[in-house]
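Here the structure comes first, spelled out in structure tokens, and everything after it is commentary.
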Amino acid sequence: MITLNEINAGQKAVIKEIKGSPRFLSRVTSIGLTLGCEIEMLYNEKKFPLLFFSRDTVIALNQDESRNIVVEDVA
């Protein structure tokens, strides 16, 4: 398993674990990022926030926060 920031544009993954403070957990779950949720990476350049598609929404998340989300690549 890998972290969200390691997924390349065009790849799909499923969220397996979310780590972090209670505030972070509350924020990401409120935007729909939950265990088992499938995401599709749209944009991942190392100096900029990630853009990915999940639950009919495009979501932006900074690189540091994305390291707290563990995903499994979907072939």
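The values are calculated or read from the model by the stated rules, or taken from the named source; none is laboratory data. Everything quoted here is computed from the prediction, not taken from an experiment. No Cβ is skipped: glycine too gets one built from the backbone with ideal geometry, and neighbour counts run over all protein chains shown. Keep in mind that these areas ignore ligands, DNA and RNA; they rest on the heavy atoms of the full protein, side chains included. Shrake-Rupley method; radii C 1.70, N 1.55, O 1.52, S 1.80 Å.
Looking at 22, 3, 34, which one has the Cα that reaches farthest to the positive end of the dipole of the chain (charges on Cβ: Lys, Arg +1; Asp, Glu -1)?
22
Local charge sum around residue 68 (other residues, Cβ-Cβ under 15 Å, Lys/Arg +1, Asp/Glu -1)?
Residues near residue 68 contribute +1 overall.
Using a probe radius of 1.4 Å on heavy atoms only, what accessible surface per residue do you get for the chain? Whole Å² is fine.
Per-residue accessible area for the chain comes out at 61 Å².
Give the carbon-plus-sulfur fraction of the accessible surface of the chain in %, rounded to a whole number; probe 1.4 Å, heavy atoms of protein chains only.
52 percent
Which of the trypsin sites (Lys or Arg not before Pro) across segment 1-63 are loop residues per DSSP, with 16 or fewer other Cβ within 10 Å?
19, 46, 47, 55
Quick one: length gained pulling residue 55 to residue 8 fully straight, 0.36 nm per residue minus the C-alpha distance?
15.0 nm
Can you give the alpha-carbon Rg of segment 14-75 over 2.2 N^0.38 Å, where N counts its residues?
1.03
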